[in-house]
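Since the structure comes first, as structure tokens, the remarks are kept for the end.
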Amino acid sequence: MRTLISRFRTGLVIAVSGLLATTAVDAEIPPDMQAALQAGDASALAAILEAGADPDARAETGLEATALMLAASNPDPALARMLIAAGAQVDTPDSAGDPAINWAAYYGHAAVVAELFRAGASGEQVGHGTVAEIAIRRGHQDVLALALDATAQDPQRPGPLRSAAHAALEAALLGNERELFLSLLALTEVNAVTDWAGRPILHTAARVGHEAGLDVLIEAGAEIDAVDAIGFTALFEAAREGHGAAVGRLLRAGADPDHVAGENGMALTATHVAAIAGHVDIIAALAAAGANPDVQDVAGATPLYWAAFEGQREAVLALLDAGADSDIRPDGTPDFHAVAEMLDWPDVAARLGPRAAD
């Protein structure tokens, strides 16, 4: 099953990136190197490199991923370290513009991100976002911290600035120090308070599922649909992290269930992020609040296609329950009947209507 999901995921990435053609590459990743990287076998990789394999070899199909990108998809930084020592170029982009560090950021492999930063990788190359933007979207706080630390080293791009009072307020929120939190909040404008990464404080409460904190902030006048650097609202944070009670509170307070993130947030909705994470109850709650399950992101992918991309079968079924249209898909991708067959999901196939005419 894992192989099938991986195969479909690769196919969807190719299609939504508009990279349907096979392109000849100078040095193709040999099968033994690819197997070692996928297995995370550092000893085998060392032997292959010692035998003369090109550390900058690429996959011939798909996103033309380099060996370093495949290494970055594995949590062990030793693989990336070996390739870099052998001469791999750290900032070479794939066909969508993402270098290896963006791949590591996507998967949340903070140790690999740190290794690549130490090797001089840029965190500002944009394919599907910068390292920081990808980390915000995916919810990888440790990766985001590394990206902001790297940015802070550049005198032309200082990191987020905030007062000691705002830092104390965030600490009081996270430490459940209610009285201190209330007293600090009374001394400031709630919509001016940001977290350590420059995001609205309401996002912090939503991200950790702090229901009492949400109530206090909403009562104090926090802007319910305030956005972060990629256009995510607090609802996105709660939906991605699976905090159903927080999602309910935000929706009752008027959060827009169909808010669309910015282009650097891939124009996702809260339903997209819930589908990616497989949170069935939140998909249902958003649908009950009137969310449109068929919003397409920058590449044309709906929550249904993202759920399949991530192997989230139960989320696919929940989206079909919510009325998702399985005929809406990114250009060039297989229809959803073919997706269900590829993933060996007969119950999903049984739920689909007649196959649309080509």
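With respect to residue 268, is the statement that it is among the aliphatic types (A, V, I, L, M), part of a loop (DSSP other than H, G, I, E, B) and within 15 Å of the chain's Cα centre (by Cα) true? When the stated conditions are applied, residue 268 passes them. Six or more apart or on different chains, Cβ under 8 Å: which pairs go from a residue in segment 207-228 that's in the same structural domain as residue 186 (by TED's automatic domain parsing) and under 18 Å from residue 189 (Cβ atoms) to one that's assigned to a helix (DSSP H, G or I) and among the polar types (S, T, N, Q)? Could you list them? Cβ pairs passing all conditions: 213/204; 221/191; 222/191; 223/191; 226/191. The residues on offer are 275, 288, 245, and the sole one that is over 18 Å from residue 203 (Cα atoms), hydrophobic (A, V, I, L, M, F, W, C) and surrounded by fewer than 18 Cβ atoms within 10 Å (Cβ to Cβ) is 288. Taking (1) out of contact with any strand residue (DSSP E or B) (no Cβ under 9 Å at 6 or more places or on another chain); (2) crowded, with 18+ Cβ neighbours inside 10 Å; (3) more than 18 Å from residue 138 (Cβ to Cβ) in turn, residue 207 satisfies each apart from (3). Going by the conditions given, is residue 239 on the phi < 0 side of the Ramachandran plot, in contact with a strand residue (DSSP E or B) (Cβ under 6 Å, 6 or more places away or on another chain), touching a residue at least 12 places away in the same chain (Cβ under 8 Å) and small (Gly, Ala, Ser)? No; evaluated as a whole, the condition is false for this residue. Among the residues in segment 41-63, are any part of a helix (DSSP H, G or I) and either within 15 Å of residue 130 (Cα to Cα) or hydroxyl-bearing (Ser, Thr, Tyr) (or both)? Yes. Among helices (runs of 4 or more DSSP H) entirely within segment 85-188, having at least 1 residues that are modelled with pLDDT of 95 or more, surrounded by 19 or more Cβ atoms within 10 Å (Cβ to Cβ) and in the same structural domain as residue 40 (by TED's automatic domain parsing) singles out 100-107, 110-118, 131-138, 141-152. Considered as a group, the residues in segment 318-334 that are at pLDDT 90 or above and surrounded by fewer than 18 Cβ atoms within 10 Å (Cβ to Cβ) include one that is farthest from residue 300 (Cα to Cα), and that residue is 321.
The values are calculated or read from the model by the stated rules, or taken from the named source; none is laboratory data. Since the structure is predicted, the reported quantities are computational estimates derived from the model, not experimental observations. Virtual Cβ from ideal backbone geometry, glycine too; neighbours counted across all protein chains shown.
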